[in-house]
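Novice: The structure's right below; bear with me while I get my questions together.
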Amino acid sequence: MQRQAVESSNIASIGVENGVIEVEFKHGGVYQYPNCTPELCEQFLAAPSKGAFFGKHIKNLPFRKLEAP
């Protein structure tokens, strides 16, 4: 999945594809959050504070951690 770099103190990049949000953290972990609504994906990408939005709306959703390449 293609991710775009974002300005955030904790998040390095975000990708959205087919209802899956992929978040790369600056500490190096990459996580996928499946079954997200299109509205949630759009709101996350448009949020002025990606970290605050993630903490409030995405952090507690089911996820899977991707293995490092």
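What follows is calculated from the coordinates using simple rules that are stated; it is not laboratory data. Just so it is clear, the model here is predicted, and its values are computed rather than measured. All Cβ positions, glycine included, derive from the backbone under ideal geometry; neighbour counts span all protein chains shown.
Novice: Could you list all residues from segment 22-41 that are more than 15 Å from S8 (Cβ to Cβ), in contact (Cβ under 8 Å) with a residue 12 or more places away in the chain and over 9 Å from the mean Cα position of the chain (by Cα)? Explain how you work it out, then say what you get.
Specialist: Going residue by residue through segment 22-41, those that are more than 15 Å from S8 (Cβ to Cβ) are 32-41.
Next cut, in contact (Cβ under 8 Å) with a residue 12 or more places away in the chain only: 32-38, 40-41.
Hits for segment 22-41 are P34, N35, C36, T37, P38, L40.
Novice: Still on this structure: Could you list, in sequence order, the residues of segment 31-68 that are out of contact with any Lys or Arg (no Cβ under 9 Å at 6 or more places or on another chain) and of a type in the set (S, T, N, Q)?
Specialist: Initially, segment 31-68 is screened for residues out of contact with any Lys or Arg (no Cβ under 9 Å at 6 or more places or on another chain), giving 35-43, 45-68.
Residues satisfying the conditions are N35, T37, Q43, S49, N60.
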